[in-house]
Amino acid sequence: MAGKSYDVRMEDLPLFISYPRSGSNWLNCLMELYFDKPRLRTGPVTFLKDRDSRTDYMWFHDHDIFSDLTIKHSNILYLYRNPCDVIYSLLKAECGKYNDSLVDVQIKRLQNHYEKYMHNNKCILRYEDLKKDLSIEFLEILRFFNINGSLNENKLINCNRKVKKEEVINKEVDKRYFSRKLLSKEYADDRDNFKSKYEGLILSSLNYKD
């Protein structure tokens, strides 16, 4: 994952913040299709065929980890996900392994992220809730962007079908982070092993509740 730093362009756009591996690729792609608007940063995968030629950006996405949580903004949409899934996925992508020390580092980093963003933001969304009831949760996104009118559920469903996990993986260039191994039984079994060892520690350390 390429390092990111503060970009002055984020000051003029609503800011979408997520910790890495929290589902932001999927949500970014979904919002681009539904709103027919591109986002900054423009490097990651997209399903908008003309995104590279457009400048009508609707929001800016960043993780705010490479700038040491120094980003300040008044209009933030924050996406979070079960921290056990996040930490497992990130460690497998960046280290190819996990152990007590690596898990402890990620717990502390994620804790700092939560402390900054889980309170007093305009819109806070949980990945699992979006997956469970997308139409209801997407209404929060409409409100975040001050979009009046009703949700077009058929359009949202069709857009979501296009950006399913397999298709995002197929489009992603950086296979270190997004490859078909994420869909394998071996990956799922290893994640279950990770959870059996670390889930209690991670959830209790972060005071995370479903």
Taking the Cα centre of the stretch 8-205 as origin and charging only Cβ (+1 Lys, Arg; -1 Asp, Glu), how large is the dipole, in debye to the nearest 20? 360 debye
Taking the chain and counting helices only, DSSP H stretches of n ≥ 4 at -39,500 (n - 2.57) each over all residues, the nearest-500 ellipticity at 222 nm comes to -14500 deg cm²/dmol
Test of understanding: in a Gaussian network model of the chain with alpha carbons linked when under 10 Å, which of 30, 77, 102 would top the mean-square fluctuation ranking? 102
Rank 88, 112, 46 by how far each Cα sits towards the positive end of the charge dipole of the stretch 40-116 (+1 on Lys, Arg Cβ; -1 on Asp, Glu Cβ) and give me just the farthest. 46
For residue 61, enumerate residues with amide H under 5 Å from its amide H, sequence gap 5+ or separate chain, H modeled in the peptide plane. 16, 40, 41
For the chain, with +1 on Lys and Arg beta carbons and -1 on Asp and Glu, the positive-most of 127, 159, 204 along the dipole: 159
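Determine the alpha carbon to alpha carbon distance for each of 92/171; 108/197; 175/195; 131/162; 92/209; 92/181 and list only those over 22 Å.
Pairs exceeding the cut-off: 175/195; 92/209.
Report the local net charge at residue 21: Lys and Arg +1, Asp and Glu -1, summed over other residues whose C-beta lies under 11 Å from its C-beta. Kindly include the intermediate steps, with their values, before the conclusion.
On the way: positive: 81, 92; negative: 85, 94.
That sum, taken over residues with Cβ under 11 Å, equals 0.
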Which whole-number percent is the relative contact order of the chain (Cα, under 8 Å, 6+ apart)? 25 percent
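Taking Cα atoms of the chain, Rg/Rh with Kirkwood Rh, to two decimals?
0.94
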Among 120, 112, 148, which one moves the most in a GNM of the chain with springs linking Cα atoms closer than 10 Å? 148
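Please figure out what share of the DSSP beta bridges in the chain is antiparallel and state it in percent, rounded to the nearest 5.
On the way: 0 of 13 bridges.
Among the beta bridges of the chain, antiparallel pairing accounts for roughly 0 percent.
Every read-out reported here was derived from the displayed coordinates using simple, explicitly stated rules and does not represent laboratory data. Quick caveat, the model's predicted, so the values are computed rather than measured. In this analysis, Cβ positions are derived from the backbone assuming ideal geometry, glycine residues included, and neighbour counts consider all displayed protein chains.
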